[in-house]
Amino acid sequence: MKNPKFELFSGIGRNDYFFNLKAGNGEKILGSESYTSKHAAVHSIASVKRNAPYYKQYERRFNSDNNSYTFVLKAENGEIIGRSETYPSAYSRDEGIEAVRRNAPEAPTDDLT
């Protein structure tokens with residue numbers, strides 16, 4: 001089993017940066033929005049590390065259209081800094097939150113740009 005890590009990568013556009021937090025098994029457990037600079041994406045990773053331990057920073061969501069569950073992680077200012085994958089149950093969504101809480105604070109960043 002590998003160690004959890006953030007992967008920083010660029011998208012198709014010149015000023016298009018993203019990150020994913022991956023668990024030790026390689027599964028994506030949190031993804032970012034698009035950032036227009038690498039600096040902004042790196043800053044957001046630091047914000048995820050700071051906010052991940054606190055339950056109050058998570059917003060749990062239910063999508064009634066397809067009976068699925070997700071969550072978002074918010075920064076101190078209320079901005080969304082990470083989005084989860086889709087889960088089939090509230091229990092699995094909550095396990096995803098626990099994985100972010102456990103892995104994000106100490107995860108290194110693998111710069112793939």
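The values are calculated or read from the model by the stated rules, or taken from the named source; none is laboratory data. Predicted model, so just to flag it, every value in this text is computed and none were measured. Positions of Cβ are generated from backbone atoms using ideal geometry, with glycine treated the same way; all protein chains shown enter the neighbour counts. Keep in mind that these areas ignore ligands, DNA and RNA; they rest on the heavy atoms of the full protein, side chains included. Shrake-Rupley method; radii C 1.70, N 1.55, O 1.52, S 1.80 Å.
Against the test of being out of contact with any Ser or Thr (no Cβ under 8 Å at 6 or more places or on another chain) and of a type in the set (Val, Ile, Thr), the options Thr70, Thr109, Thr86, Thr113 yield a single qualifying residue, Thr109.
Can you give me the number of residues within segment 80-100 that are among the charged types (D, E, K, R) and more than 22 Å from Ser34 (Cα to Cα)?
Final tally of qualifying residues: 4.
Only a single criterion out of (1) surrounded by 13 or more Cβ atoms within 10 Å (Cβ to Cβ); (2) in a strand (DSSP E or B); (3) free of Cβ contacts under 8 Å to residues at least 40 places away in the same chain is not satisfied by Ile81, namely (3).
Is it true that some residue in segment 26-37 is among the aliphatic types (A, V, I, L, M), in contact (Cβ under 8 Å) with a residue 24 or more places away in the chain and touching a Gly at 6+ places or on another chain (Cβ under 9 Å)? Let's see the steps before the verdict.
From segment 26-37, those among the aliphatic types (A, V, I, L, M) are 29-30; that's our starting set.
With in contact (Cβ under 8 Å) with a residue 24 or more places away in the chain added as a condition, the list becomes 29-30.
Those still in the list that are touching a Gly at 6+ places or on another chain (Cβ under 9 Å) too: 29-30.
Yes, some residue in segment 26-37 is among the aliphatic types (A, V, I, L, M), in contact (Cβ under 8 Å) with a residue 24 or more places away in the chain and touching a Gly at 6+ places or on another chain (Cβ under 9 Å).
Can you pull out every residue in segment 54-78 that is charged (D, E, K, R) and open to solvent by less than 90 Å² (accessible area, probe 1.4 Å)? Residues satisfying the conditions are Glu59, Arg61, Lys74.
Scanning segment 23-48 for residues that are surrounded by fewer than 20 Cβ atoms within 10 Å (Cβ to Cβ) and assigned to a strand (DSSP E or B) yields Lys28, Gly31.
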